[in-house]
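What follows is a single structure, written as structure tokens, with notes after it.
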Amino acid sequence: MRKRRFAVFGIMLCFLLLFCVGAQAEEASEDGTETMKIGVVVYDPDSSEMSMFSNYYRDYIQEGFPVQFFFSGAVATAEEENQFIEAAKEQGAEGIISFCGYDLESTLAVCAENELYYVLGSGIVADEAFDAVKDNPWFLGSVGPDPADVYQTGVNMAEYFLEKGAKSYVIMTGGASRGNATHASRVEAMLETFSEQAGLVLDGEASELAAAEVNTTLTSADGSMTVTLVPDYTENGAGLQNLEEAFAAGNCDALMSAFHASTYLDKIAEKEAAQGSNIMVGAIDSFTEENFEAIKTKDSFGNPPIDYVEGKYASMAGPAFAMLYNAVSGYPEANSEDGGAIRLYQGFWVAKSREEYIELYGYTTGIYENAYSCEDLMQVIRVFNEEASPQALKELTEAYTVEDVKARIVNG
């Protein structure tokens, strides 16, 4: 199938959006193939994680299926998401994959009005929010991590650096101070692990400390360990300034980020040079190209700039596409036996070395060997496999581990 590329278009430039996408839709139909058109709502097209998912859809799925994706620009509110959905409908979109979902009730009202199926591509939906919309016939459900797994990522990272013998820590809390529940959960887990396993004294509840809006330093009961919490985002926030203040206060053995670290590695390198010693770096992020490029290099001490990564990978967005394809093609029962919305869960991958990251990254970007390949997805899409079932979809979606992926590649 010919490669088709489509411009990323912005909500605030709606007229330009309609003109550009309409022209490309006409080009896509020249070969006579009936193409399913899907709108994709992204929170930030410049985000490394969002680029990872978008590239999987654009450069891989679009090559293997008769499908055309329309990508939004940066969407920061429910109103912007709803505007994009209406604009995508004007261009023939038959369904929406969203990586936002700010206000499901209002957004699904727009989807119902426009007769568009809607699925959340990779994220967590609180029980209350899910229950409020689960019976909406246009809502297919969500794919994402279990909240318990999100918490466990913080435990895993804290234990890893404790085993490495670090004593002086900086924790980048990201959006925890702004109400980002995912970041907060990770930081809470780090603090509680340090408290239980290393005697860190928590001056209050871990949840309150994680949400602190200013730099906060904690110490262990015996004074041998220090942890400085550094709040806010490093882009569009005060995170970098707060990090500089934390670095100025003393030496650092390990930096643990509740989000990414790749965009401020230069700040870490400067601190390493100033203190004359290595800083171990961990990020609960994703298996992105930015991390891949960083890990291939060496810092001034000969180590990878990022020592530890735990997170999502690109083709985790594949099952959400399969769900939408089933519904749009007239087989919603292949997703759910009762036709209701479903929640499917995926965990994370961990890389603790340069070699491990490079190996795992290869499984997420390969054309012939991909963690969720086109062939894998076709097995759970009724149009391509008449035996596709909700149970098969659940089993494939939740078979996300490295071992599961390697088995599919070998047996495929």
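Springs between alpha-carbon atoms under 10 Å, Gaussian network over the chain: tell me which of 186, 58, 178 tops the mean-square fluctuations. Most flexible of the set in this elastic network: 178. Per-residue ellipticity at 222 nm, computed for the chain from helices alone with -39500 (n - 2.57) per DSSP H run of at least four residues, works out to -12000 deg cm²/dmol.
For the pair residue 343 and residue 219, the difference between a 0.36 nm per residue extended length and the Cα-Cα distance amounts to 40.6 nm. For the options 75, 350, 402, a Gaussian network treatment of the chain with springs between C-alpha atoms closer than 10 Å singles out 402 as fluctuating the most. Restricting attention to region 148-311, close to 25% of DSSP beta bridges with both partner residues there are antiparallel. Once the Cβ-Cβ distance of residue 329 and residue 167 is raised to the sixth power relative to R0 = 51 Å, the FRET efficiency obtained is 0.35. Rolling a 1.4 Å probe across all protein chains gives residue 406 an accessible area of roughly 80 Å². Between helix 147-163 and the chain there is an angle of about 30 degrees, using the helix long axis and the longest principal axis of the Cα atoms. Of all DSSP bridge pairs formed entirely within the chain, close to 20 percent run antiparallel.
Counting 0.36 nm for each residue step from residue 358 to residue 407 and taking away their Cα separation leaves a gain of 15.8 nm. Among 51, 336, the sequence by solvent-accessible area, most first, with a 1.4 Å probe is 51, 336. Calculated accessible area for the chain comes out at 42 Å² per residue, all protein chains present (probe 1.4 Å; ligands, DNA, RNA ignored). Straight Cα distances below 28 angstrom link residue 271 to the lysines 164, 167, 296, 298, 352, with same-chain residues fewer than 8 positions distant left out. Distance between the 7 Å Cα→Cβ label points at residue 241 and residue 46: 1.9 nm. Split the accessible area of the chain by element, probe 1.4 Å, and carbon with sulfur accounts for 48%. If you line up the long axis of helix 239-248 against the longest principal axis of the chain, both from Cα atoms, how many degrees apart are they, to the nearest 10? Tilt of helix 239-248: around 20 degrees. Multiplying the residue separation of residue 275 and residue 128 by 0.36 nm and subtracting their alpha-carbon distance yields 48.1 nm.
Pairs of Cα atoms nearer than 8 Å and 6+ residues apart set the relative contact order; for the chain it is 14 percent. Altogether, the Stokes-Einstein calculation at 25 °C and 0.890 mPa s, with the Kirkwood radius of the chain over Cα pairs as Rh, returns a diffusion coefficient of 110 µm²/s.
Taking the inverse of the mean reciprocal distance over all distinct Cα pairs, the Kirkwood hydrodynamic radius of region 111-255 comes to 16.8 Å. The angle between the Cα long axis of helix 78-90 and the longest principal axis of the Cα atoms of the chain comes to about 30 degrees, rounded to the nearest 10.
The values are calculated or read from the model by the stated rules, or taken from the named source; none is laboratory data. The shown structure was predicted, so the numbers you read here are calculated from the model rather than taken from an experiment. Note that we place each Cβ from the backbone using ideal geometry, even for glycine, and neighbour counts take in every protein chain shown. Only protein heavy atoms, including side chains, enter the accessible area calculation; ligands, DNA and RNA are left aside. Shrake-Rupley method; radii C 1.70, N 1.55, O 1.52, S 1.80 Å.
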